[in-house]
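Inspection log for the structure reproduced underneath, given as structure tokens.
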Amino acid sequence: MMTHPFVRALIYLIGLMAFAGLNAAYLVWCERKGAARIQRRIGPCEVGWAGLLQPLADGLKLMTKQLLVPDGVDAALFRLAPVLAMLPGMVSLAVIPFSDTLQAREMELSALLIFAFASVGMLCVLLGGWASGNKFAIISSTRAVSQNLAYEIPMLLTVITIALIVGSLNLRDIAMEQQGNLFHWNLFRLEGWHILTMWISFIIFFICSIAETNRAPFDLAEAESELVAGYMTEYSSMGYGLFMMAEYINIVVGACLTATLFLGGWACPFGLAPGWWWFVLKIYVLIFTIIWVRWTYPRTQIYRLLNLSWKVMIPFSLVNLLITAGLVKFL
Amino acid sequence: MNLPRPQHYEETFVLNLGPQHPATHGVLRIKVTMDGEYVVKAEPVLGYIHRMHEKIAEQGNFAQFMPYTARMDYLHALAFNHGYCLVVERAAGIEVPERAEYIRVITVELNRIASHLLWWAAFLLDLGGFTPLLYAFDDREQILDLLERITGSRLTYCYFRFGGVCTDVDDEFISGTRAFITRLRKRLPTMYHSLVTGNIILIKRIKDIGIISREQCRLYGASGPVARGSGIDFDVRKHEPYSVYPELDFDIPVYPDGDSMARYMVRMDEIEQSLRIIEQALDKLPDGPIIAAKVPKNLKPEAGAFYAAVETARGSLGHRLICDGSKNPYRLKLRSPTFCNLSLYAEVAEGMMIADALAFLGSLDLVIPEIDR
């Protein structure tokens with residue numbers, strides 16, 4: 001595009017904010033409708049056609065509520081935490097390549113950047129929990145930290161396998177490398193026999209991304225039957241709303257990353273008309289799977305979750321890394 | 001499988017679970033002293049919904065207390081109806097016609113299934129599984145519709161009368177109940193067992209968690225599925241038979257493990273046994289009156305002390321009634337099953353992780369108004 005860089009930045013900023021905002025709002029609707037279908041209910045149906053205006057009504061309701069700052073909280077941090085929680089997801093979206101031409105900012109190490117910001121997101125949860133001065137919130141935020149630490153390691157190890165195959169940590173390069181039909185995608189890559197091990201990477205990565213976004217069955221940080229609402233217990237109004245939006249934006253980022261790393265980005269399964277529409281289709285299939293999992297399984301315990309990471313995920317991803325390195329080296 | 005166990009407690013803090021907390025299903029408060037996520041000490045605090053039911057019983061005449069019985073255990077209200085009727089009938093020497101006995105058994109067992117279904121739903125909710133709730137409520141709804149048809153209410157029934165029941169069952173109720181039995185039998189293996197019982201996360205969460213020994217059950221007087229999950233073969237319906245239970249063929253599911261999974265399985269098996277009981281009772285249902293003739297409006301039993309026990313969904317419920325020859329009970333003492341089942345919580349929960357402690361709490365199937373009365 002031959003526009004002024006400033007104009008370009010502005011357009012992308014507005015575009016990404018709209019994308020993030022709409023997703024955050026309408027994923028709630030999708031989640032409620034999806035959950036309703038799974039549970040043989042109808043779901044929201046009063047506000048607008050098929051309840052499509054429900055997110056708007058929810059947002060209005062949240063905004064008109066009082067933002068209660070209880071006694072004994074660290075007021076500045078308490079107010080800051082939800083705002084900060086929104087940022088990492090938004091920034092991460094900037095480096096996601098939606099298609100060949102549709103990417104806000106291309107950069108080397110963009111995959112690493114997303115992980116760095118995911119850790120910042122975890123800090124915001126800690127901040128919110130700590131500032132609340134509530135026992136449930138503190139337990140929840142310590143849980144969130146130990147969980148995120150445990151799951152970042154296997155996640156990064158699987159990203160290294162991709163980096164070995166593609167030779168780059170630039171998301172755009174990774175996606176470009178996978179153009180073509182199904183068997184060029186990292187998940188099913190025939191070249192170099194990576195199809196043999198990549199499914200392990202994919203499963204580890206997908207499970208970790210559910211754990212990273214604090215979704216059921218790994219939603220230990222907001223386990224409502226144990227910790228009421230976890231780190232969000234003391235939050236009301238948009239403080240709560242922003243945390244919820246952050247959660248959904250993180251899901252979108254997770255799905256985008258999975259689609260780019262494993263599912264060929266904007267490539268079409270049969271090599272026809274690649275474009276952003278395929279990318280969007282892929283991320284929504286992934287998001288639907290995450291919703292489906294949430295409404296099917298009960299929650300696990302925190303110590304089992306950590307054991308799963310340290311005792312299963314990390315050894316598996318290390319062995320997987322070794323095998324992939326061998327395949328890259330000798331084939 | 002070994003669960004993490006704390007070696008020594010360093011810094012502890014007190015966490016108040018309840019009286020308003022999602023896991024306590026009511027206004028139970030548990031004062032938990034914790035070290036990190038370990039429970040050092042769990043102390044149930046009762047009394048938030050105490051309504052002096054036993055005292056209320058002394059204020060009115062015998063019939064006036066009948067509606068209150070359903071307010072104690074609102075999930076198995078008919079068993080409380082039944083227990084109170086039994087003790088008063090024993091005191092006043094009232095003979096219940098056979099048809100009424102069969103109707104009582106059918107409705108009590110239907111209510112037992114509804115209670116177990118609701119426990120199942122709430123327990124899964126405690127474990128973070130939301131969807132099973134809706135499936136269980138789907139089946140429970142059928143039971144409530146059937147019971148509403150003959151009793152007029154859906155939750156707090158006042159259906160039993162001294163000497164019988166207040167309304168007769170009709171053909172539609174009988175055919176509806178038969179249809180329900182077929183329906184639930186078809187759904188139990190698919191909707192309940194293959195979707196939930198076999199789920200690896202569920203098994204990991206409740207297997208070997210919250211082990212109650214036989215000895216602990218005896219010491220604390222636990223009964224019902226809690227005791228049967230610990231290998232104690234005791235069911236009032238079999239061992240101190242009342243009503244027409246001796247004429248019906250059913251088994252008492254007993255599991256020896258004593259963990260939450262055992263209690264879970266006992267309740268699931270009891271649903272099947274209750275279906276068997278209802279089916280037989282429907283087949284045997286005799287014709288005749290549904291209430292004993294000439295029961296005076298104001299009962300005046302002779303002075304004396306009487307006792308009757310029934311098996312509710314949560315365990316054995318005892319009524320001890322002391323009469324002094326007047327039209328009011330002199331004293332009515334209830335031995336409610338959940339109170340005893342909860343009392344062993346403090347001992348067993350010690351040293352557990354908080355998540356396990358709450359899963360264990362759910363597996364005890366508490367109904368708080370019945371504890372407090």
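May I ask for the equivalent-ellipsoid semi-axes of the protein assembly as shown, computed as the square root of five times each C-alpha gyration tensor eigenvalue and listed largest first in whole Å?
Values: eigenvalues 643, 135, 118 Å².
Output for the protein assembly as shown: semi-axes of 57, 26, 24 Å.
Mind checking which of B:A179, B:Y255, B:L195 is farthest towards the positive end of chain B's charge dipole, using Cβ charges of +1 (Lys, Arg) and -1 (Asp, Glu) about the Cα centre?
Ranked along the dipole, the leading option is B:A179.
Please go through the stretch A:128-176 and write out the chymotrypsin sites (Phe, Trp or Tyr not before Pro) that DSSP classes as loop and that have at most 12 other C-beta atoms within 10 Å. All intermediate terms of the calculation are to be shown ahead of the outcome.
Working: sites: A:W130, A:F136, A:Y151; in loops: none.
Passing sites in the stretch A:128-176 do not exist.
Output wanted: per-residue J couplings in Hz (rounded whole) for the stretch A:246-258, from phi through Karplus 6.51 cos²θ - 1.76 cosθ + 1.60, θ = phi - 60°, x for Gly and Pro.
Once θ is set to phi - 60°, the couplings for the stretch A:246-258 become 4, 4, 6, 5, 4, 5, 4, 4, x, 5, 4, 5, 4 Hz.
In units of 2.2 N^0.38 Å, what is the alpha-carbon radius of gyration of chain A? Can you show the working numbers first?
On the way: Rg = 20.2 Å, N = 331, 2.2 N^0.38 = 20.0 Å.
Relative to the 2.2 N^0.38 Å estimate, chain A comes out at 1.01.
If you count, for each residue, the other Cβ atoms within 10 Å and average over each peptide, how do B:163-176, A:61-74, B:230-243 line up from highest to lowest? The partial results should precede the final answer.
Working: B:163-176: 16.4, A:61-74: 12.6, B:230-243: 17.9.
In decreasing order of mean packing, B:163-176, A:61-74, B:230-243 become B:230-243, B:163-176, A:61-74.
In nanometres, what is the gap between the two model label sites at B:V45 and A:E108, each 7 Å from Cα along Cα-to-Cβ?
Each label point is offset 7 Å from its Cα along the Cβ direction, giving 6.1 nm.
Kindly list the residues of the stretch B:183-208 that lie in the label zone of A:N307, defined by a backbone N under 19 Å from the point 7 Å along the Cα-to-C-beta vector.
B:198-208
With +1 on the Cβ of every Lys and Arg and -1 on the Cβ of every Asp and Glu, and nothing else charged, how large is the dipole of the stretch A:5-330 about its Cα centre, in debye rounded to the nearest 20? Mind dumping the intermediate values first?
Values: 21 positive and 19 negative charges, 115 e Å.
With only Lys, Arg, Asp and Glu charged at Cβ, the dipole is about 560 debye.
Quick one: what does P(r) look like for the stretch B:28-98 with 5 Å bins over all Cα pairs, in whole %?
Calculated over all Cα pairs of the stretch B:28-98, the distribution is 3, 13, 16, 17, 13, 9, 8, 7, 6, 4, 2, 1 percent.
Mind pulling the per residue volume of the convex hull built on the Cα atoms of the stretch B:53-337? Å³ is fine. Intermediate values should be presented prior to the final figure.
Values: hull volume 34.2 nm³, N = 285.
In the stretch B:53-337, the Cα hull volume divided by residue count equals 120 Å³.
When a/c reaches 1.5 or more, the comparison of a/b and b/c decides; with that in mind, is the stretch A:15-114 rounded, prolate or oblate per its Cα gyration tensor?
Details: a/c = 2.41, a/b = 1.15, b/c = 2.10.
Oblate.
Counting other Cβ atoms within 10 Å, which chymotrypsin sites (Phe, Trp or Tyr not before Pro) in the stretch A:265-331 have at most 14 and lie in a DSSP loop? Intermediate values should be presented prior to the final figure.
Values: sites: A:W266, A:F270, A:W276, A:W277, A:W278, A:F279, A:Y284, A:F288, A:W292, A:W295, A:Y303, A:W310, A:F316, A:F330; in loops: A:W266, A:F270, A:W295.
For chymotrypsin sites (Phe, Trp or Tyr not before Pro) across the stretch A:265-331 that sit outside H, G, I, E and B with at most 14 neighbouring Cβ atoms in 10 Å, the list reads A:F270.
If the reach is capped at under 19 angstrom between alpha carbons, list the aspartates and glutamates near A:K311, excluding any in the same chain fewer than eight residues apart.
Cα-Cα hits under 19 Å: A:E152, A:E212.
Beyond a 22 Å Cα-Cα separation, which of these cross-linked pairs lie in this structure: B:K300/B:K333; B:K55/B:K300; B:K41/B:K333; B:K294/B:K327; B:K31/B:K333; B:K31/B:K207?
Details: B:K300/B:K333 18 Å; B:K55/B:K300 18 Å; B:K41/B:K333 31 Å; B:K294/B:K327 17 Å; B:K31/B:K333 28 Å; B:K31/B:K207 25 Å.
Exceeds cut-off: B:K41/B:K333; B:K31/B:K333; B:K31/B:K207.
Using a Gaussian network for chain A with springs between C-alpha atoms less than 10 Å apart, which of these wobbles most: A:P274, A:P44, A:P298?
A:P298
To test your reading of the geometry: what angle, between 0 and 90 degrees and rounded to tens, separates the Cα axis of helix B:131-151 from the longest principal axis of chain B?
10 degrees
Only Lys, Arg, Asp and Glu count, each charged at its Cβ (+1, +1, -1, -1), so figure out the dipole size of the stretch B:53-337 about its Cα centre, rounded to 20 debye.
Details: 36 positive and 37 negative charges, 150 e Å.
Roughly 720 debye for the stretch B:53-337.
Any read-out appearing in this document is the output of simple, stated calculations on the displayed coordinates, not a laboratory observation. The model shown is predicted, which means the values in this text are computed figures rather than measured ones. We place every Cβ from the backbone using ideal geometry, glycine too, and count neighbours over all the protein chains shown.
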